[in-house]
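A.B. asks: This is the structure I want to talk about, given as structure tokens.
The values are calculated or read from the model by the stated rules, or taken from the named source; none is laboratory data. Note that the structure is a prediction, hence the values are computed from the model and not measured. All Cβ positions, even for glycine, are placed from backbone atoms using ideal geometry, and neighbour counts span all protein chains on display. To get the accessible areas, we keep the full protein, side chains included, count just its heavy atoms, and leave off ligands, DNA and RNA. Shrake-Rupley method; radii C 1.70, N 1.55, O 1.52, S 1.80 Å.
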Amino acid sequence: MVNDLRNALQQQQFSICLQPIIHLASGRIHKAESLIRWQHPERGMIAPAEFIPIAEEFGLIDAIGDWVFYESVRWLPSCIEIAGEDFQFSVNKSPVQFMREEDRSDWLVHLVKLHLHGNNLIIEITEGLLLNPIRQITDKLFKFRDAGVQIAIDDFGTGYSSLAYLKKFHVDYLKIDQSFVRDITTNPNDMALCEAIIVMAHKLGLQVTAEGVETAEQRDLLLAAGCDYAQGYYFARPLPP
């Protein structure tokens, strides 16, 4: 698979899908998460969970991550034309990408070339990344922030976390992991956890996105709890641009 990954970019085997993120109060499509797909010529569709860790381990994630960014923003002007100037793409960024020596300010330069703004981009990171005090990580995060790029904590509540980082790094969004959302209609504890995350986030000036929303009942409960955004199969599966 490592050898195949090395050739996948050159042979144009990757594609992106976009999953709409809905503003719950208005029902408007306000954002979209960009997700990579790998159509292997022999193995068929390979899930990101299967190949991304391998790409990280063998030093291939930088090229793949850059490709996802450039391919995503290629579609951003079309989405803005349809959904409005404040439309945002949400792109996942691996901790390994933050660890490399090269600077990613060329992402910001590329946005300017397309007459786009940093506030049209959200970078999704994991909780664990913010526990790492290495300066090259913090410097890159602050550089994105200074350019108007927003930061979202993906799968919030499932990893090692320290609430202190929410204040230190000026995070914009918490994404409630789908494992908490899945059973909110039947498990009071899961509903209580979601409500607690939403209240805490709002007290800190953050907004909340719920992942994995699959039913109208889940949507209604989250809306009543004050959740800001949601994504999941109830609204749309990941779709080609």
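A.B. asks: Using a 10 angstrom cutoff on alpha carbons, build the Gaussian network for the chain and name the most mobile of HIS117, HIS30, HIS40.
C.D. replies: HIS40
A.B. asks: Give the residue list of GluC sites (Glu not before Pro) in the stretch 1-82 that are DSSP loop and have at most 11 other beta-carbon atoms within 10 angstrom.
C.D. replies: Counting only loop positions with at most 11 other Cβ atoms within 10 Å, the GluC sites (Glu not before Pro) in the stretch 1-82 are GLU42.
A.B. asks: Loop-only check: which trypsin sites (Lys or Arg not before Pro) in the stretch 1-98 are DSSP coil with at most 15 other Cβ within 10 angstrom?
C.D. replies: Sites meeting the loop and neighbour criteria: ARG43.
A.B. asks: Can you figure out the FRET efficiency of GLN136 with GLN178, using R₀ = 30 Å and their beta-carbon distance, to the nearest 0.05?
C.D. replies: E between GLN136 and GLN178, to the nearest 0.05, is 0.45.
A.B. asks: What net charge is computed for the residues neighbouring GLY128, neighbours being all others with C-beta under 12 Å from the C-beta of GLY128, Lys and Arg scored +1, Asp and Glu -1?
C.D. replies: Once all neighbours under 12 Å are counted, the net charge is -3.
A.B. asks: Provide the per residue accessible area, probe 1.4 Å, for the chain, rounded to a whole number of square angstrom.
C.D. replies: With the other protein chains kept in place, the chain gives 49 Å² per residue.
A.B. asks: What does the convex hull of the Cα atoms of the stretch 123-241 come to per residue, in Å³, rounded to a whole number?
C.D. replies: 111 Å³
A.B. asks: In the stretch 110-201, what chymotrypsin sites (Phe, Trp or Tyr not before Pro) fall in a loop by DSSP, with at most 16 other Cβ atoms inside 10 Å?
C.D. replies: TYR160
A.B. asks: Moving to a separate point now. State the label only: which of (1) 1.14; (2) 0.95; (3) 1.07 corresponds to Rg/Rh (Cα atoms, Kirkwood Rh) computed from the shown model?
C.D. replies: Comparing each candidate, only (2) matches the computed number.
A.B. asks: Still on this structure, I have one more. Taking the Cα centre of the chain as origin and charging only Cβ (+1 Lys, Arg; -1 Asp, Glu), how large is the dipole, in debye to the nearest 20?
C.D. replies: Around 400 debye, computed over the chain.
A.B. asks: Then there's this: Could you sort out which of LYS113/LYS168; LYS167/LYS203; LYS93/LYS203; LYS31/LYS167 sit more than 21 Å apart by Cα distance in this structure?
C.D. replies: LYS113/LYS168; LYS93/LYS203; LYS31/LYS167
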